[in-house]
1. If the Cβ limit is 8 Å and pairs must be 6+ apart or interchain, which residue in the range B:119-136 that is modelled with pLDDT under 90 pairs with which residue that is small (Gly, Ala, Ser)?
2. Of all residues in the range B:130-160 being among the small types (Gly, Ala, Ser), open to solvent by 10 Å² or more (accessible area, probe 1.4 Å) and within 7 Å of chain A (Cβ to nearest Cβ), which is farthest from B:Val35 (Cα to Cα)?
3. Could we say that A:Ala56 is out of contact with any helix residue (DSSP H, G or I) (no Cβ under 9 Å at 6 or more places or on another chain), modelled with pLDDT of 75 or more and open to solvent by less than 60 Å² (accessible area, probe 1.4 Å) here?
4. Read through the list (1) buried (at least 21 other Cβ atoms within 10 Å of the Cβ); (2) farther than 15 Å from A:Glu66 by Cα, then give the number of the only condition that B:Arg62 fails.
5. In this structure, does B:Ile76 turn out to be open to solvent by less than 10 Å² (accessible area, probe 1.4 Å) and either in the same structural domain as B:Arg28 (by TED's automatic domain parsing) or at pLDDT below 90 (or both)?
6. Does the range B:36-48 include one or more residues that are closer than 18 Å to A:Leu80 by Cα, touching a Phe, Trp or Tyr at 6+ places or on another chain (Cβ under 8 Å), surrounded by 24 or more Cβ atoms within 10 Å (Cβ to Cβ) and at the interface with chain A (Cβ under 7 Å from one of its Cβ atoms)?
7. Against the definition (open to solvent by less than 10 Å² (accessible area, probe 1.4 Å), in contact with a helix residue (DSSP H, G or I) (Cβ under 9 Å, 6 or more places away or on another chain) and in a helix (DSSP H, G or I)), how does B:Leu11 come out, yes or no?
8. When residues of the range B:161-172 are filtered for being under 18 Å from A:Pro21 (Cα atoms), facing chain A (nearest Cβ under 7 Å) and under 19 Å from the mean Cα position of the chain (by Cα), how many remain?
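The values are calculated or read from the model by the stated rules, or taken from the named source; none is laboratory data. Source: prediction; values computed, not measured. Here Cβ is always computed from backbone atoms with ideal geometry, including for glycine, and neighbour counts include all displayed protein chains. What goes into the accessible areas is simple: the full protein's heavy atoms, side chains included, and nothing from ligands, DNA or RNA. Shrake-Rupley method; radii C 1.70, N 1.55, O 1.52, S 1.80 Å.
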Amino acid sequence: MPGARQDSSPGVCARVREWLPEYDYGGPGWWRRRQAARHLAQCPGCARELTALRRATALVEALPREVAPEGLWDRLEGALALERARPARSHSPRRRMPALAAAATAAVLAAGLGLRAAWQPEEPAVAVESYVQSHLALSRSRPLSPGAGYDAMVLLTAGTSAR
Amino acid sequence: MPESEEATVRLAQRGDREAFRELFERHRDPVYGYVRQMVRDEDLAADLTQDVFLRAYRSLPRLKAPGAFRGWLYAIAANRVRDHWRSPRLDALSLDASADDGSGDVMVADPAPGPERVAVREGLREAVAAAVEKLAPERREVVVLHHLQGMDVRAIAGMLGVAEGTVKSRLGRARADMRRHLMGWMEE
Ligand SMILES: [Zn+2]
């Protein structure tokens, strides 16, 4: 079949491999995704490459979750108490720079760098509606069990390495 | 977010300290984890995390969608990290976040693993942690949010104020980087 021969050519493999890193994230556009899907179904080399890409981020997901140091609430409470004692807004006592100056500096820098308003301190310009919509997706995030699945991941990695 | 969290957020918005503490307890580890991945230094991460919750406390009464608390909190955390990157010297740190701060160390030990597996696992963990650290900040940010914090592309885009395509592209490039950095571990 001419179509099949064309799909297996090195040029096609090279092109598909450019698209593979984004493939699972919904990139790189529906047409390329469709082409990639067809190609993956018949090209073991590219399918192996996709597996290797997935494995790399699966290893990240298997990293143990960080645990905040003890006493963080006590520190925060101290800062909050200070805050309440001083009606004027300021940052925590550990900071040297007043909040307004910091905000102004950040705003100027943000403007200079062409950054979006989302990066202004304290008042993230969140698309509230999109958050509400994505809320359900967020709440279904993976369980944050420390080290969970890491053994399996090690075995997977060690035992099924690409040949 | 569990339904009860929205109620907790509403209570905290009205000044209920216990409610705010509950939110803190629920989110401190993930927020700290995010910040730690971004700045590497433990003490700095703790400082910035404290600051994130302080900012959240101040701004909470103005949060119009209590159901969106988690994303909103992460947006504050992302802002705080960016502020730090812009002017690290203003953060009054006792520790300098140097290039080699030992942050590639094993973070948490699993209970009672077999001896030979410990070596493999710890070595691999270090390699994975190091590979994450090597990522460019914009790529590391989306990797941590998506692969460690479980946020979807759309939520991350909303949080960072960028297009979804940008998030996908950064995730893809990060994944390619990770694959390259970890090649030795995956292909012997
Ligand atoms: Zn191919």
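1. B:Val120/A:Ala158; B:Glu126/B:Gly104
2. B:Gly158
3. No; evaluated as a whole, the condition is false for this residue.
4. (1)
5. On the way: open to solvent by less than 10 Å² (accessible area, probe 1.4 Å): yes; either in the same structural domain as B:Arg28 (by TED's automatic domain parsing) or at pLDDT below 90 (or both): yes.
Criteria met by B:Ile76.
6. There is no residue in the range B:36-48 that is closer than 18 Å to A:Leu80 by Cα, touching a Phe, Trp or Tyr at 6+ places or on another chain (Cβ under 8 Å), surrounded by 24 or more Cβ atoms within 10 Å (Cβ to Cβ) and at the interface with chain A (Cβ under 7 Å from one of its Cβ atoms).
7. Spelling it out, it is not the case that B:Leu11 is open to solvent by less than 10 Å² (accessible area, probe 1.4 Å), in contact with a helix residue (DSSP H, G or I) (Cβ under 9 Å, 6 or more places away or on another chain) and in a helix (DSSP H, G or I).
8. Looking only at that region, the number is 3.
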